[in-house]
Structure formats: C-alpha cells, structure tokens
Amino acid sequence: MNDLIFRQVRILDGSGGPEWVGDVSVSDGRINEVGTVRDGLAPQGREIVAKGAVLCPGLIDTHAHDDGAFFRHPGMEFKLSQGVTTVVSGNCGFSAIPADPSKDSVAASGGILAGLEGEFTDLNGYYAAALARNPAINNMMLVGHNTVRSLVMGESKQAPNDVQMREMQAHVTRALEQGACGFSSGLIYRPGRYSDTDEVTELAKMAAPFDALYTTHMRNEGDKLLEAVEESLQIARDSGVHLHISHHKAAGKGNWGKVQQSLNRVDEALRQGQPVTLDVYPYTAGSGRMIEYFNLDRVSEDLAEVVRIASCKAFREYEGRMLVDIAAEENISLTDLVIKILTAPFGDRTLCIHFIIDEADVETNLAHADMMVGSDGIPDLRGKPHPRLFGTFPKVLGYYVRERGVLSLAEAVRRMTSLSAKTFGLSQRGEIKPGYYADLMLFRPDDIVDQATYDEPKTEAAGIDMVVVNGQIALEAGQHSGVGSGQMLQFRKGAFRS
Ligand code: ZN
Ligand code: CU
C-alpha cells in the first residue's frame, strides 16, 4: 500500500536524462513505483495531482556548516524551504566531531559550529544527539582538520610531532569508521593555516582505505589560486583519495577570470585519471568571520571597501550596512572602523559579507559538468546573514537555469542530486528509483525563485510546492510540517541508528 502517490507529474529523476510524465508512489519511506502505479493507496495516504509540476529527488547541499544548526534549528527551515533534503556538514575543516565536552569547540571554530551542546565526543554520539532533536532533513558529516588539530594541539603553530600526528590520525579514522564521508580542511583558517602540505597529506591518507573524500577550502582563493589548486591535487594524489574543491572562486578583482584556468587544470587532472569534483555558491559575495580576512597591523582598505556587516554582537546597528557607509557617517577611516569592530568585546565573532567575486566566474563555474552546488550558508539567523543561506538552490534553478540558460534544468537537477549523492556516498539517494529513499521536491520550474536578498536575507523561496523527507511530507505550500523525519547518514551505508 502506498502512503503517497504523485499523479501525472513531470519526472526529472536526477540522472540528467530528459523529463517525462508519469506517476510516482511512496511506501514506507521509500520510492515504491515509478511510471505506472499499481499498488493502492493506504487509508491514511495522500494522492497528489500536480499537473505541470516537476518531481525531482530532494536536493543535496554539499557544502554546509549545519553541525550546530541540527541542535539549534532542527526544523532547518532555511534549507528545507529550498528543497534541500540532505546537507553535508563539517566543511572547511570545522566539524562537530571529534569533541572534548570540557573544551569550547564553538570558540575554536570562530562560531562556525555555534549551537552545539552536549556530552558527545565522536560521530556516533553526535548523531544520536542530533537525531534526538527530530531534525527535518538528513545530515552527512565530514571530519575537519581544524577541529582535530585544535583538539590535539591546541593553538600550536608548530608542526605535529609523531605522537600528535598519530593521535590526529586516530581521530580521523574513528570518524570515518563511524560513517563520515571524508576529511575536510580549511587552510586559510586557524589552525589549518599553520599546517604544511605534508601534515594535511598524512591525515588525508586516513580516508584512502574507506575510499572517502578529501574536501578543501584551499589555502588561497585569490592571488595564489592556481598554486592552491596544485597543492590540493597533490595532497589528494599522494594520499590516494578523491579531491573535492569547496566553493570554487577567484577572489579579488585582479584575479577575476582565473576560475577558467583553475577548471582547465582540474580537467587535465581528470583526463589523467585523478578523481576531482567541486562545488560553488551562486553569489558574487563570500561570507565568514571578519577577523580571518583582516590583518589588524595593516588593514586592507581595498577589502574593507567591499565589506558589509552580517552579524555583529558588538555593534548591532552596523548589521546589514557597508563599512564605507558606516565610516562616512562616523567620519572615521576604514582602517579605524575595522579595528574598532574587531577589537570590541565579542568583536572577533563578527560575521561579514565581502563582495569579491565576478558574476561571469559564477557562470563559468556553473557551466562545468563536475560542479555541484553548495550553499556555504552560516546558520546564524541574527542580523543579516548572507542570502545564500535561504536562496542558493532556487537561485540556480530560477536565475541561472531559467533566465540565463547557463545549464539545462535536467543537468542542474543532476548536479544537485545524483552527482552529489554518488560523490558523497549518500547511498540510495539522489535519484527517483524504486527502492530509493523517498527524498523528493515538487516544484514549478517557471515559478521557482529565490527571494532572499542582502537586505532581506531570511526570506524563503517561492515555486516549491512540496518537499518529502524519507517518505514524510516536510513542507507543503510554504508550511513546515514539523514531522522531523531527517536521518543521520553514513558513507555508503544506510542511516545511523542509535
Ligand atoms: Zn570555506
Ligand atoms: Cu565553508
């Protein structure tokens, strides 16, 4: 008996093939029939007639920082409302695990892991705690270099000694054994930036026996982008793992256009047989902890000119404003303003948005066949967060597919579903196939539109009629059902059971 039957929908099954019209049924959390439905409808079941709407697999956000959001915002409205049914957390070298409950991992992450609480130490513990909060969507985890290094070596700028290296390797292996999909690095952040290529390679090697990933926020995304790509390729080659480059971009006006050279280098590696994939967010601004981007001894006014404050505990009145406007109003220099913000109490927790990316590069990225979509959203709902938190996926489908024609709808769906599921080991997800988990999005391709802007970033998208997570209706006509049917996922295995 079926719990859900979708009648006469346009099916985009996630494979990238052309759409066709048929019925799809769901039973017991799984996709039951595709094309023609023969089984009946259960007494409590729902039949959905959705002529003209497209049914596709639930979208996968390959670059999330939702480790703590699963505790603080288990409804995950900012993702679910985009049609996202699974996120990959633990990116940029910061992950909920491993953890020492007696230490402040949130502070060590500069707030990226905000929301985490509890006594867990490893992935099993984190998954049990997250699951107990009935999350709305699924989560897959990476184990992060910065987190592992802080736990073992504190704030040390030294290279690890043999004992420390073995201890870090053991943490990485333990997370992989418990189902993490790979090892992530964030080499612009502390303490990752103190690490040399060898250290990262020795840790990435732990992923090889699992056939898992090395994902990286590279050491440089601007003047030394190409050198950083080279280092990433080398680390993955020497450790024998699949490389996934996070939020691929060329930052800073002088570097605009370089993404093409970088992608050419990736293509060359692919031709030589090295597995490489990437992701991108569809915006011309990045976002992160402001203190990571400025040297207080020599503040870059060029950068300050394109910075806007997202969230600032020290000066709430600055949220949503460009530094240039604040500086003009207060009649101080940009340098003095940056120092004032970052040295105030809690000033180092300030999140900013920086307009450093070329629009043409966003399109070049999205046109690449191995490019997935990752929001990189920081789930801090105070202030004015980057609109990518609420808008990433509808923006690709509405603007870049429908209006700009950068890629076809079927191809965009493939890159947000089956490609991501295969790469990140989300088994039996990412396609509409009998037996697969029933993660689904029903949407209207002519209407789907992101509505989150820099001024009103916490606005949900339009044009999405329904989102199903593990067979349960999680969102319908803009209403979050609160059913909480998300699962914690293990690499190439099923869902975690506590
Ligand atoms: Zn990053
Ligand atoms: Cu990130």
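I'd like to verify a number: residues in region 277-288 that are surrounded by 20 or more Cβ atoms within 10 Å (Cβ to Cβ) and either within 13 Å of THR392 (Cβ to Cβ) or within 11 Å of ligand 2 (Cβ to nearest atom) (or both), how many?
8
Can you spot a residue in region 398-421 that is assigned by TED's automatic domain parsing to the domain that holds GLY186, within 16 Å of ligand 2 (Cβ to nearest atom) and among the hydroxyl-bearing types (Ser, Thr, Tyr)?
Checking region 398-421: at least one residue is assigned by TED's automatic domain parsing to the domain that holds GLY186, within 16 Å of ligand 2 (Cβ to nearest atom) and among the hydroxyl-bearing types (Ser, Thr, Tyr).
Out of (1) basic (Lys, Arg); (2) under 23 Å from ALA96 (Cβ atoms); (3) modelled with pLDDT of 95 or more, the odd one out for LYS253 is which?
(2)
Given the conditions (1) among the hydroxyl-bearing types (Ser, Thr, Tyr); (2) assigned to a helix (DSSP H, G or I); (3) under 27 Å from GLU77 (Cα atoms), and given that THR364 satisfies all but one, which numbered condition is not satisfied?
(3)
Looking only at region 373-396, which residues are in a loop (DSSP other than H, G, I, E, B), away from ligand 2 (no atom under 13 Å from the Cβ) and either in the same structural domain as TYR318 (by TED's automatic domain parsing) or buried (at least 24 other Cβ atoms within 10 Å of the Cβ) (or both)?
PRO385, PRO387
Could you count how many residues in region 244-273 are more than 16 Å from ligand 2 (Cβ to nearest atom) and in contact with a Ser or Thr (Cβ under 6 Å, 6 or more places away or on another chain)?
2
Every residue, every condition in (1) outside the structural domain of LEU334 (by TED's automatic domain parsing); (2) among the hydroxyl-bearing types (Ser, Thr, Tyr); (3) away from ligand 1 (no atom under 16 Å from the Cβ), yes or no:
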position	(1), (2), (3)
GLN274	yes, no, yes
VAL299	no, no, yes
VAL307	no, no, yes
ALA310	no, no, no
PHE315	no, no, yes
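Please name all residue pairs, on different chains or six or more residues apart, with Cβ atoms under 7 Å, provided the first residue is in region 166-190 and is closer than 23 Å to ASP376 by Cβ and assigned by TED's automatic domain parsing to the domain that holds ALA96 and the second residue is at pLDDT below 95 and within 15 Å of ligand 2 (Cβ to nearest atom).
Listed by first residue and then by second, the contacts come to ILE188/GLU292; TYR189/GLU292.
When you look at ASP238, is it part of a loop (DSSP other than H, G, I, E, B), more than 16 Å from ligand 1 (Cβ to nearest atom) and modelled with pLDDT of 95 or more, yes or no?
Criteria not met by ASP238.
Which pairs do you get when a residue that is at positive phi, found in region 292-314, comes within reach of a residue that is assigned to a strand (DSSP E or B), reach meaning Cβ atoms under 7 angstrom, with the pair 6+ apart or on two chains?
If the second residue must be assigned to a strand (DSSP E or B), no pairs are left.
Take residues that are charged (D, E, K, R) and out of contact with any Asp or Glu (no Cβ under 8 Å at 6 or more places or on another chain) and tell me which of the strands (runs of 3 or more DSSP E) falling wholly in region 254-328 contain 1 or more.
The qualifying strands (runs of 3 or more DSSP E) are 276-280, 307-311.
Does any residue in region 392-415 that is touching a residue at least 40 places away in the same chain (Cβ under 8 Å) come within less than 6 Å, Cβ to Cβ, of a residue that is crowded, with 18+ Cβ neighbours inside 10 Å and acidic (Asp, Glu) six or more places away or on a different chain, and which pairs are these?
Close Cβ pairs (under 6 Å, with a partner that is crowded, with 18+ Cβ neighbours inside 10 Å and acidic (Asp, Glu)) amount to PRO394/ASP450; LYS395/ASP450.
Quick check on region 20-42. Is at least one of its residues within 16 Å of ligand 1 (Cβ to nearest atom), in contact with a strand residue (DSSP E or B) (Cβ under 9 Å, 6 or more places away or on another chain), in a strand (DSSP E or B) and closer than 26 Å to ILE448 by Cβ?
No, every residue in region 20-42 fails to be within 16 Å of ligand 1 (Cβ to nearest atom), in contact with a strand residue (DSSP E or B) (Cβ under 9 Å, 6 or more places away or on another chain), in a strand (DSSP E or B) and closer than 26 Å to ILE448 by Cβ.
Checking the structure you have, find out if any residue of region 41-53 is within 27 Å of the chain's Cα centre (by Cα) and closer than 25 Å to ALA462 by Cα.
Within region 41-53, one or more residues are within 27 Å of the chain's Cα centre (by Cα) and closer than 25 Å to ALA462 by Cα.
The values are calculated or read from the model by the stated rules, or taken from the named source; none is laboratory data. All figures in this text were calculated on a predicted structure; none of them were measured in a lab. Positions of Cβ are generated from backbone atoms using ideal geometry, with glycine treated the same way; all protein chains shown enter the neighbour counts.
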